[in-house]
Structures are given as structure tokens and as C-alpha cells.
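Written out below as C-alpha cells is the structure these notes cover.
The values are calculated or read from the model by the stated rules, or taken from the named source; none is laboratory data. Fair warning: this is a prediction, and the values are worked out from it, not measured in the lab. A quick note on method: Cβ atoms are made from the backbone with ideal geometry, for glycine too, and the neighbour counts reach across all protein chains shown. For the accessible areas, the whole protein counts, side chains as well, though only heavy atoms, and no ligand, DNA or RNA atoms are used. Shrake-Rupley method; radii C 1.70, N 1.55, O 1.52, S 1.80 Å.
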Amino acid sequence: MKEPILVEGLRVFKDNRGCFFESYKQSTFQEIYAIEEKFVQDNHSHSTKNTIRGMHYQWSGPMGKLVRVASGKIKDVIVDIREGSANYGESYSYVLSEDNNNQLYVPAGFAHGFICLSDEAIVLYKCTEEYNNLAESGINPFDKQLNIDWGVEQSEAVISEKDISAQSFLEYSKAPKF
């Protein structure tokens, strides 16, 4: 099973015009990070401060994601939902921003979400499978069993009805998809 990979230290060329960097190059990602998946869909989201998106996963056509921030700053959160994993139910968080140029590879088997820490953020992610609304779900980001520190109370979060009414981790555990 694949594990998450924090991609750090991309070579960024800066000058008086701004900057340039290769955010993804298949041969480099295979050689350095052993990420061999093929990406078939790109997604783009724009969020405002305290917006939480997630915790999403897709099981039929299990979707891995390579996440980066083009503008702004987010706290990216993943939860291991692979039944039998030594880290089952554990959450991990990473700060991704336009300043650090870090990326996070989230393999299938992890629920994924983020909170926007800046006034606005543009998040881009490459996906290993096409979106399948018939085989996707989520876990409530404020589930007490996961105990994710979002840095805001639920009442302060900007969150969709679908995400806040998502199943609990206990409900997921009764019929795990991974």
C-alpha cells in the first residue's frame, strides 16, 4: 500500500518578474518520490478563510491526489482509512502554501480535506482517477473520534452541508471501503 509523501524542496527560479518551477514532471516524481501513478484529472478550487473542504475519499476507481497551493495557504489533513493499517484512524496535517511550494501526495485509502488559512487560497490537485460520484463519500471533518485540530470551531467554519452531515468515522468503520 502506498503511503503519503510530502514533496518538498522543488527548485524555484525567482527574479524581478516573479517565479517559475516545474510543479510536476513524471520522470522526476518517479525517480525521487517513487510516485508512478498516472494522473488523469486536474482539479482547481478557490476558498476563503476558514473554509473546510473534506474529508473526502473515492473507492471505485480509488483516487490518489497530488495537492498543491497556487495562491494562499492551507492546512491539508489526511486520515488513514485503510482497515488493518497500523495507522488506521490516524490523522496527519501539513501546511501547503504558495511560499513553501510543498506538495502532498495522498494515495487512495486516505480521506482528504483542508482548511483555508489565508484570506483566499487556490488549491490545485492532480488525480489518479476520474471523479465518480457513485463511489465517493466523506467523513465529518469535526468527528470527535478523529479529533482533528482545524484551528476553528465548527460554528466559525465555512463548510458545505454535505461535508458537515457526512458519516462519522465509527460509521465508516462498520463498512470500510479500503
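Across the range 32-57, what is the total count of residues that are at pLDDT below 95 and loosely packed, with under 12 Cβ neighbours inside 10 Å?
Residues that pass the stated criteria total 2.
Would you point out the residue of the range 117-136, among those that are under 15 Å from the mean Cα position of the chain (by Cα) and open to solvent by less than 10 Å² (accessible area, probe 1.4 Å), that is farthest from E36 (Cα to Cα)? Give the derivation first.
Of the residues in the range 117-136, the ones under 15 Å from the mean Cα position of the chain (by Cα) are 117, 121-129, 131, 136.
Filter once more, keeping what is open to solvent by less than 10 Å² (accessible area, probe 1.4 Å): 121, 123, 127.
Details: A121: 28, V123: 22, C127: 12 Å.
Residue satisfying both the conditions and the ranking: A121.
Return the residue satisfying two criteria in turn: it lies in the range 153-178 and is surrounded by 17 or more Cβ atoms within 10 Å (Cβ to Cβ) and among the hydrophobic types (A, V, I, L, M, F, W, C), and of such residues it is farthest from D76 (Cα to Cα). Outline the logic, then answer.
If we filter the range 153-178 for residues that are surrounded by 17 or more Cβ atoms within 10 Å (Cβ to Cβ), which is where we start, we get 157, 159, 163, 166, 169, 172, 177-178.
Restricting the remaining residues to those that are among the hydrophobic types (A, V, I, L, M, F, W, C) gives 157, 159, 166, 169, 178.
Numbers: A157: 15, I159: 15, A166: 18, F169: 18, F178: 21 Å.
Only one residue tops the list, namely F178.
I'm trying to understand the selection: among the residues of the range 88-116, which are open to solvent by 60 Å² or more (accessible area, probe 1.4 Å) and either in contact (Cβ under 8 Å) with a residue 40 or more places away in the chain or in contact with an Asp or Glu (Cβ under 7 Å, 6 or more places away or on another chain) (or both)? Steps first, please.
So in the range 88-116, the residues open to solvent by 60 Å² or more (accessible area, probe 1.4 Å) come out as 88, 90, 92-93, 95, 98-99.
Within the range 88-116, Y88, E90, Y92, S93 qualify.
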